[in-house]
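Step one of this worksheet: look at the structure below.
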Amino acid sequence: MSATIEKPAVPAQAAGEKMIEVVGVSRRFSKKLDIAGKILAKLGAPIREEVVHAVDKVDLTIRKGEVVGLVGESGCGKSTLGRMVAGILPPSDGTILWKGKDRTGMGGKEARAAMLQAQMIFQDPMSSLNPRLKVAEIIGEAPLVHGLTSRAELARYVDEQMRRAGLDPAFKARYPHQFSGGQRQRIGIARALAVQPEFLVCDESVAALDVSIQAQILNLFMALRRELNLTYLFISHDLGVVEHLSDRVVIMYLGRVVEEAPTETVFARANHPYTQSLLAAVPRIEARKKAFATVKGEIPSPLNPPSGCHFHPRCPHAFDRCRVEIPALQEVAPGHKSRCHLNDLPNHGGQPV
Ligand SMILES: Nc1ncnc2c1ncn2[C@@H]1O[C@H](COP(=O)(O)OP(=O)(O)OP(=O)(O)O)[C@@H](O)[C@H]1O
Ligand code: SF4
Ligand SMILES: [Mg+2]
């Protein structure tokens with residue numbers, strides 16, 4: 001990321017109350033048979049729908065005021081986990097607690113409040129903004145419906161959200177296509193802020209933008225964090241982006257969390273060989289190259305993940321045990337967890353062999 005990003009002035013607020021607790025959460029998707037598969041199945045061939053374990057028994061706690069970065073290669077389950085955390089996708093197994101309460105057990109009013117308090121901001125604002133609505137309508141619709149402002153107050157309320165997101169309210173009668181990519185992302189942010197959320201799930205929210213615009217939007221997220229005491233789950237395939245924002249980083253590989261630690265620890269003492277290869281791929285100079293260029297080997301198919309440690313076919317340190325036994329996510333230092341059999345070897349000391 002460009003050096004123009006402000007490091008958050010807010011210290012890690014890890015002592016805050018638990019906002020989200022993800023406990024043993026999994027999400028599976030079944031891949032429907034194509035026409036050829038259906039015909040073969042009808043003829044008696046042993047073909048069944050395949051199941052993707054997009055998220056596999058994940059535990060994650062996010063405390064009020066924290067910014068947690070969620071990182072991993074394409075298809076590892078980041079968006080699926082983010083959508084479950086935001087409450088827009090139910091888990092197949094496990095529990096997600098919002099401020100200590102299971103959302104599935106909440107009644108109408110309480111469930112609606114929890115839904116509004118967690119908002120998601122996507123990569124492509126164009127596809128999530130109704131092209132036929134003016135910006136004022138896009139931003140003002142939900143707060144009006146949910147009684148967060150009155151019709152008489154609406155214009156002033158919309159102006160305030162636009163200003164907060166760095167948009168000039170003079171443009172509120174325009175349509176989304178009349179704005180640039182960065183401004184459209186600001187419209188998405190203003191729309192999310194308009195329902196007074198406490199928690200934002202940002203899913204690759206700057207990935208589609210030019211580097212200089214990325215920095216502006218990331219700075220906006222950090223300013224909003226300070227102003228509104230927001231909590232974030234910040235999803236990115238790019239460790240370099242989350243470095244500048246996050247208090248804590250969670251690394252996923254094929255549906256499983258493989259490492260979790262304070263951001264400084266990840267960059268200074270990454271324990272897991274996968275995290276180490278991601279770090280080797282983060283350019284430390286201004287000009288950014290593709291982030292995953294040096295993680296060796298193809299990403300295996302999530303439909304048929306490798307046995308034992310999913311990372312073993314690509315891991316330079318793999319040994320026999322890795323091929324047969326799933327490593328446990330264990331604490332290697334206070335607040336630092338890693339899922340690697342190397343940590344059970346004598347004298348390993350949590351460092352690469
Ligand atoms: N609705 C769905 N139906 C079927 N499979 C799905 C669905 N959503 C996600 N998957 C599968 O689940 C796995 C995880 O997908 P997900 O989108 O969560 O990954 P990701 O880490 O966000 O990837 P990317 O970086 O490309 O956005 C992938 O194999 C994907 O194909
Ligand atoms: S468990 Fe084995 S294969 Fe997996 S990351 Fe550790 S050393 Fe590599
Ligand atoms: Mg995704």
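The values are calculated or read from the model by the stated rules, or taken from the named source; none is laboratory data. Just so you know, these numbers come straight off a predicted model, no measurement behind them. Backbone-built Cβ (ideal geometry, glycine too); neighbour counts: all protein chains shown. Just so you know, the surface numbers come from the protein's heavy atoms only, side chains and all, with ligands and any DNA or RNA stripped out. Shrake-Rupley method; radii C 1.70, N 1.55, O 1.52, S 1.80 Å.
Condition first: among the hydrophobic types (A, V, I, L, M, F, W, C) and touching a residue at least 40 places away in the same chain (Cβ under 8 Å). Now tell me which residues in region 207-222 satisfy that.
Within region 207-222, Ala207, Ala208, Val211, Ala215, Leu218, Leu220, Met222 meet the criteria.
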Q. Which of the residues that make up region 135-154 are under 24 Å from Phe221 (Cβ atoms) and assigned to a helix (DSSP H, G or I)?
A. Val135, Ala136, Ile138, Ile139, Gly140, Glu141, Ala142, Pro143
Q: Those residues that are within 30 Å of Ala114 (Cβ to Cβ) and open to solvent by 50 Å² or more (accessible area, probe 1.4 Å), I need them from region 33-63; list them, please.
A: Val51, His53, Lys57, Asp59, Arg63
Q) When you go through Ala114, Ala142, Ala192 one by one, which is the residue that is open to solvent by less than 40 Å² (accessible area, probe 1.4 Å), over 21 Å from the mean Cα position of the chain (by Cα) and under 19 Å from Ala86 (Cβ atoms)? A) Ala142
Q: Give the number of residues within region 220-252 that are within 13 Å of ligand 1 (Cβ to nearest atom) and open to solvent by 10 Å² or more (accessible area, probe 1.4 Å).
A: 2
Q: Select from region 334-347 the residues that are in contact (Cβ under 8 Å) with a residue 40 or more places away in the chain and more than 24 Å from the chain's Cα centre (by Cα) and write down the one among them that is least open to solvent (accessible area, probe 1.4 Å).
A: Leu342
Q.
Just the residues that are in contact with a strand residue (DSSP E or B) (Cβ under 7 Å, 6 or more places away or on another chain) and either at pLDDT 85 or above or assigned to a helix (DSSP H, G or I) (or both), please, taken from region 36-58.
A. Val51, Val52, His53, Ala54, Val55, Asp56, Lys57, Val58
Q) Do we find that Val135 is of a type in the set (Val, Ile, Thr), more than 16 Å from ligand 2 (Cβ to nearest atom) and under 26 Å from Gln161 (Cα atoms) in this structure? A) yes
**Q.** Subset tally (residues that are out of contact with any Leu (no Cβ under 9 Å at 6 or more places or on another chain) and either among the small types (Gly, Ala, Ser) or assigned to a helix (DSSP H, G or I) (or both)) for region 94-134
**A.** 18
Q: Would you check which residues across region 266-283 are touching a strand residue (DSSP E or B) at 6+ places or on another chain (Cβ under 9 Å) and either surrounded by fewer than 19 Cβ atoms within 10 Å (Cβ to Cβ) or of a type in the set (D, E, K, R) (or both) and list them?
A: Phe267, Arg269
